[in-house]
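*Asks:* Below you will find the structure I want to go over with you.
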4 protein chains.
Amino acid sequence: MLGKLQIPMIIVNFKTYLEATGEKSVELAKKAEKVSADTKVLIGVAPQFVDIAVVAEAVSIPVFAQHIDPIQPGSHTGHVLAESVKEAGALGTLINHSERQLKLSDINAIIKMTREKSLVSLVCANNPAISASAAALKPEIIAIEPPELIGTGIPVSKAKPEVITDTIRRVREINKKVVILCGAGISHGEDVEAALRLGTQGVLVASGIVKAKDPDRVLREFAEATRI
Amino acid sequence: MLGKLQIPMIIVNFKTYLEATGEKSVELAKKAEKVSADTKVLIGVAPQFVDIAVVAEAVSIPVFAQHIDPIQPGSHTGHVLAESVKEAGALGTLINHSERQLKLSDINAIIKMTREKSLVSLVCANNPAISASAAALKPEIIAIEPPELIGTGIPVSKAKPEVITDTIRRVREINKKVVILCGAGISHGEDVEAALRLGTQGVLVASGIVKAKDPDRVLREFAEATRI
Amino acid sequence: MLGKLQIPMIIVNFKTYLEATGEKSVELAKKAEKVSADTKVLIGVAPQFVDIAVVAEAVSIPVFAQHIDPIQPGSHTGHVLAESVKEAGALGTLINHSERQLKLSDINAIIKMTREKSLVSLVCANNPAISASAAALKPEIIAIEPPELIGTGIPVSKAKPEVITDTIRRVREINKKVVILCGAGISHGEDVEAALRLGTQGVLVASGIVKAKDPDRVLREFAEATRI
Amino acid sequence: MLGKLQIPMIIVNFKTYLEATGEKSVELAKKAEKVSADTKVLIGVAPQFVDIAVVAEAVSIPVFAQHIDPIQPGSHTGHVLAESVKEAGALGTLINHSERQLKLSDINAIIKMTREKSLVSLVCANNPAISASAAALKPEIIAIEPPELIGTGIPVSKAKPEVITDTIRRVREINKKVVILCGAGISHGEDVEAALRLGTQGVLVASGIVKAKDPDRVLREFAEATRI
């Protein structure tokens, strides 16, 4: 599936922000599409489940689900089916986001399922050990979220380089191919630049774009910063 | 919110059946709408999250989410926000379906949330004690699923009446107003008729409709059976 | 089972405090036993799973598990079996403590199981609606924890009486027999006295005893305050 | 911690079997201790939480908890604290047993916690990918449970060798040091022998011992089979 994707990439997680719900999810996705077209940098979006269909209808950039469940079609009321998000237009799915953490066996089952359904798997991992462990499951993309960069407000561009490079090294010992995104500490263009310089191949961002006064401007800044 | 609803009612849970996913969810919802228009019986549908928006766009009968999470807008990647399902066009939501059972405190939080957001709450309860307990939380609708009727293949029309009437009695001791649906043992028109005769005010059905060779015919049979 | 218990009662939850782990759990339980013997007030203790056997061996006051799982004997590695806590000497179990909240169907299954095994069920409920809902499941004891008294530091003795009396009223509408304990806002003897005066039949306490400099003195103060 | 352990080893999981609850857990542990003393083969036992203290008091062979929670001392009613199982006499703990599966981040947190508390970590993993992933977290012992050997009734001694050797290879690519146990397909001495010949360093067994008519005889058969 990754054939459809290129690096570097910017994936924007819409979370359950009202600023990216319903009609606003479509508006934001369109801005992302425009910046992507202008800058030739791949930008993907991860809207809420209920917004996947309308977003995927409105734009042609990659759309990710925020989660899918390790289920087959059938009697699973209230769960999220791989087939459904795919038919709604999703190209892939986030897995194990720090706000939706999963059992190890479910992460493995979902990655397996994405392979069978030709969906792109993007696993989130919030420390070096977990990143290495997730890499062993052979997803296509992994978003590393060093705890030093989550919540502490330290941007990648100001952090000790080892915070990123140690995680990359541990992931690469186990998996040479997985695309590695930086999933924390990204607020400014210089953070995107720093993340790529340290060896990641893109970024997973959320509030930095969704909550920005001018998401268009920030998206453009991020996209241009990938051209290092 | 119940002002918008009338009894008796038939709610069709699409679960994660492929027969009611994506385009097929819209087709089935349109059949339900047609039967509802022809028979003047209220029929609602509960499609998967990703299909809520397209279904609600296509039909004007009540649409329910299959579940929502007890969260506020914000950082809840992979969760289902009340505001989002509402903006997508849902009138209400199933809560605590036997395939998506919830903590007592979450059921209470979600019911409270549906009141604040003017969504209809439909709580599922799979035995008399749980039905009474759920009724104490004052949802607008409760779907009782007597264990004697789940999985055993015994239809309501052949079951001992006490299986239904005991549960109704326990619910009514606690809550005079809640609408009571029969959520198990419904395969034929005579089951719908039996359920209503025993004191419920409608039915919650799934495979009986979704997996039927001719859902239109069965929906019509069910709707006509409510006219007892 | 309640035949063995008397009201008013004081139940001390040892949580996972180091001050009440291992040897210290036995020491604290012995203090509780001594105060109970001196004051003729029923005092029970709820140590950690691993300490139930040694505590129950050392004292003859009622011992509660902090939780049991809704399982039968068999293949349930890492779960807590009713039979095991009973053989270890427990008289009953806490259920649905706010730090170990359960699915509605599991609360019901566990209460049913306690009846079958002759264990006392003590369900915790952290607001009036949940208290009413829990009462419908007919446990033997319910510990109400008004949100106004949790974490806010407001003691029962200073709170608006309605905070307690409204919950009691809602519980009593549904269940005349259940013993009602006050499970929050208890730091001093006057709080115990206030809780009983407002209509509860005892208290469920934790840090107020376990973390006290002199648990013996505080236990004695609480016990004497029940004689109003 | 592994200094205290030797390979090959046999670990007996008591699950929640009544045959290994309370007094019977002590009896079975004593049999294991006797066989271990007679054969000089390391045999460990994993009783239920409530039985850890009495078992550890009665025998001097290694005792494992069946699970611990990723918590610190404090307000965690109904959870299992590392410090408590250690004070009760446990040498280590099972983690992520297939009957008590955990979030990836919790497995990592618990392994980290076992290191800090000098407890032995034994992670269960029920397919090759999950085994590799778990190995990346650097536990001291891993129990591999090939799905071909679980529930299908195929014993290790009759299975295709690759079922075991492929998993070992994937684990060893990531972790040279971890002790590998075979955790499925063990019913007879020849299965133990086959498991060791294929490269594992011991076995994790349950019903094969606990439910045996003569556990002493089977334990002895298993222990002698390790001398290949």
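The values are calculated or read from the model by the stated rules, or taken from the named source; none is laboratory data. It should be emphasised that the depicted structure is a prediction, and the values quoted were computed from it without experimental measurement. As a convention, Cβ positions derive from the backbone with ideal geometry for all residues, glycine included, and neighbour counts pool all protein chains shown. For accessibility, only protein heavy atoms count, side chains too; no ligands or nucleic acids. Shrake-Rupley method; radii C 1.70, N 1.55, O 1.52, S 1.80 Å.
*Asks:* Would you please name the trypsin sites (Lys or Arg not before Pro) within the range B:154-188 that are DSSP coil residues with at most 16 other C-beta atoms within 10 Å of their C-beta?
*Replies:* Listed in order of number, the matching sites are B:LYS176, B:LYS177.
*Asks:* Another question about this same structure. About its Cα centre, what dipole magnitude does chain A give when the only charges are +1 on Lys and Arg Cβ and -1 on Asp and Glu Cβ, stated in debye to the nearest 20?
*Replies:* 540
*Asks:* Right, something else. With only alpha-carbon atoms in the gyration tensor, what are the semi-axes of the equivalent ellipsoid for the protein assembly as shown, in Å, largest first?
*Replies:* Its equivalent ellipsoid spans semi-axes of 43, 39, 29 Å.
*Asks:* Of A:GLU116, A:GLU162, A:GLU83, B:GLU57, which has the most accessible area and how do the rest follow, probe 1.4 Å?
*Replies:* The residues order as B:GLU57, A:GLU116, A:GLU162, A:GLU83, largest area first.
*Asks:* Before I look further, what does chain C give for accessible area per residue, probe 1.4 Å, in whole square angstrom?
*Replies:* Result: 36 Å² of accessible area for each residue.
*Asks:* Scan around A:GLY44 for amide H atoms under 5 Å from its own, H built in the peptide plane at 1.01 Å from N, and keep only partners 5 or more places away or cross-chain.
*Replies:* Correct list: A:ILE10, A:ILE11, A:VAL12.
*Asks:* DSSP loop trypsin sites (Lys or Arg not before Pro) in the range C:179-228 with at most 14 other Cβ atoms within 10 Å of their Cβ, which ones?
*Replies:* C:LYS211, C:LYS213, C:ARG227
*Asks:* What helices does chain D have that are whole DSSP H segments, at least 20 Å long along their own axis by Cα, and with mean Kyte-Doolittle hydropathy of -1.0 or more? Each step should come with its number before you reach the end.
*Replies:* Details: long enough: D:23-39 (24 Å, -0.84).
What comes out of the filter, once short or polar helices are dropped, is D:23-39.
*Asks:* Determine the relative contact order of the range A:1-148: mean sequence separation of Cα pairs under 8 Å and six or more apart, normalised by residue count, in whole percent.
*Replies:* Over the range A:1-148, the number comes to 17 percent.
*Asks:* If you don't mind, another one. Comparing B:ALA32, B:ALA143, B:ALA129, which has the greatest mean-square fluctuation in the GNM of chain B with Cα pairs linked when under 10 Å apart?
*Replies:* B:ALA129
*Asks:* How charged is the neighbourhood of C:SER121? Take every other residue with its Cβ under 12 Å from the Cβ of C:SER121, and add Lys/Arg as +1 and Asp/Glu as -1.
*Replies:* Computed value for this residue: +2.
*Asks:* Let me ask something else about it. Place +1 on the Cβ of every Lys and Arg and -1 on the Cβ of every Asp and Glu in the range C:167-206, take the dipole about the Cα centre, and give the residue among C:ASN175, C:LEU204, C:SER187 whose Cα lies farthest towards its positive end.
*Replies:* The one lying farthest along the dipole's positive direction is C:ASN175.
*Asks:* Using a simple charge model, +1 on the beta-carbon of Lys and Arg, -1 on the beta-carbon of Asp and Glu, nothing else, what dipole does the range B:102-228 show about its Cα centre, in debye to the nearest 20?
*Replies:* Magnitude of the dipole: close to 380 debye.
*Asks:* Closest to the C-onto-D rotation axis, which residue of chain C has its Cβ, and how many Å off the axis is it?
*Replies:* In chain C, the Cβ lying nearest the symmetry axis toward D is C:PHE49, 2.
*Asks:* Tell me: how much accessible area in total is hidden between D and C, 1.4 Å probe, Å², nearest 100?
*Replies:* Looking at D and C, the buried total is near 2800 Å².
*Asks:* Can you sort C:HIS79, B:HIS188, C:HIS97 by solvent-accessible area, 1.4 Å probe, largest first?
*Replies:* My answer, sorted largest first, is B:HIS188, C:HIS79, C:HIS97.
*Asks:* Of all accessible surface on the range A:110-205 at a 1.4 Å probe, what whole percent is carbon and sulfur?
*Replies:* It is 51 percent, rounded to a whole number.
*Asks:* Oh, and also: Using a 1.4 Å probe, how large is the accessible area of A:GLU190, given in Å² and rounded to the nearest 10?
*Replies:* 100
*Asks:* Right, another one. Full-extension gain between B:GLU190 and B:GLU224, please, as 0.36 nm times their residue separation minus the C-alpha to C-alpha distance.
*Replies:* On the way: separation 34, 0.36 × 34 = 12.24 nm, distance 1.01 nm.
The span from B:GLU190 to B:GLU224 would gain 11.2 nm if fully extended.
*Asks:* While we're looking at this one, here's another question. Amide H of B:VAL80 versus every other amide H placed in the peptide plane: which residues, excluding those fewer than 5 positions away on the same chain, fall under 5 Å?
*Replies:* The answer is B:ASP69.
*Asks:* Using unit Cβ charges (K, R positive; D, E negative) and no other charged atoms, how large, in debye to the nearest 20, is the dipole of the range B:1-79 about its Cα centre?
*Replies:* So the magnitude is around 240 debye.
*Asks:* From the helices alone, meaning DSSP H stretches of at least four residues, give me the mean residue ellipticity at 222 nm for chain A, per-run term -39500 (n - 2.57), in deg cm²/dmol to the nearest 500.
*Replies:* -11000 deg cm²/dmol
*Asks:* Between B:GLU173 and the same site in the other copies, what are the distances in nm, shortest first, taking label points 7 Å from Cα along the C-beta direction?
*Replies:* Inter-copy label distances (nm, one decimal, shortest first): 1.6, 6.2, 6.3.
*Asks:* Let me check against my output: what whole-number percent is the relative contact order of the range C:79-223, with C-alpha pairs under 8 Å and at least 6 apart?
*Replies:* 18
*Asks:* Sticking with this structure for a sec: For B:LYS117, place a label point 7 Å out from Cα along the Cα→Cβ vector, do the same in each other copy, and report the separations in nm, one decimal, smallest first.
*Replies:* In ascending order, 2.3, 3.8, 3.9 nm.
*Asks:* Which parts of the range B:194-228 would a label at B:ALA37 reach, counting a residue when its backbone N lies under 16 Å from a point 7 Å out along Cα-to-Cβ?
*Replies:* Answer for the range B:194-228: B:216, B:220.
*Asks:* Would you mind getting me the FRET efficiency between B:LYS177 and B:GLU116? Use the beta-carbon distance for r and R0 = 22 Å, nearest 0.05.
*Replies:* 0.70
*Asks:* For the range C:48-145, list log₁₀ I(q)/I(0) at each q in 0.20, 0.21 Å⁻¹, using the Debye formula over Cα point scatterers of equal strength and ignoring solvent, two decimals each.
*Replies:* -0.95, -1.04
*Asks:* When a/c reaches 1.5 or more, the comparison of a/b and b/c decides; with that in mind, is the range A:1-82 rounded, prolate or oblate per its Cα gyration tensor?
*Replies:* Oblate shape, in that a/c is at least 1.5 and b/c is the bigger or equal ratio.
*Asks:* Let me ask something else. Got the A:PRO147 label distances to the other copies yet, label 7 Å along Cα→Cβ, in nm, shortest first?
*Replies:* Ordered by increasing distance: 3.1, 3.2, 4.3 nm.
*Asks:* Over all directions, the average projected area of the alpha-carbon convex hull for chain D comes to how many nm²?
*Replies:* Here the figure is 11.2 nm², rounded to one decimal.
*Asks:* What number comes out for the charge environment of B:ILE111, summing +1 per Lys or Arg and -1 per Asp or Glu over other residues with Cβ under 14 Å away? Can you show the working numbers first?
*Replies:* Details: positive: B:LYS103, B:LYS112, B:ARG115, B:LYS117, B:LYS138, B:LYS177; negative: B:ASP69, B:ASP106, B:GLU116, B:GLU140.
It works out to a net charge of +2.
*Asks:* Note down the net charge around B:HIS76, summing +1 for each Lys or Arg and -1 for each Asp or Glu among other residues with Cβ under 11 Å from its Cβ. Intermediate results must be reported in sequence, preceding the final value.
*Replies:* Details: positive: A:LYS15, A:ARG100; negative: A:GLU99, B:ASP69.
Computed value for this residue: 0.
*Asks:* If I take every Cα pair under 8 Å that is 6 or more residues apart in the range D:152-210, average their sequence separation and divide by the length, what percent do I get for the relative contact order?
*Replies:* 41
*Asks:* Which residues of the range B:36-78 show a drop of at least 10 Å² in accessible area when all protein chains are present, compared with their chain alone (probe radius 1.4 Å, heavy atoms only, ligands and nucleic acids excluded)?
*Replies:* Those are B:GLN48, B:PHE49, B:VAL50, B:ALA53, B:VAL54, B:GLN66, B:PRO73, B:GLY74, B:SER75, B:HIS76, B:THR77, B:GLY78, which lose 10 Å² or more relative to the chain on its own.
*Asks:* Could you sort A:LYS160, A:LYS31, B:LYS30 by accessible area so the largest value comes first, with the probe set to 1.4 Å?
*Replies:* The ranking, largest first, comes out as A:LYS160, B:LYS30, A:LYS31.
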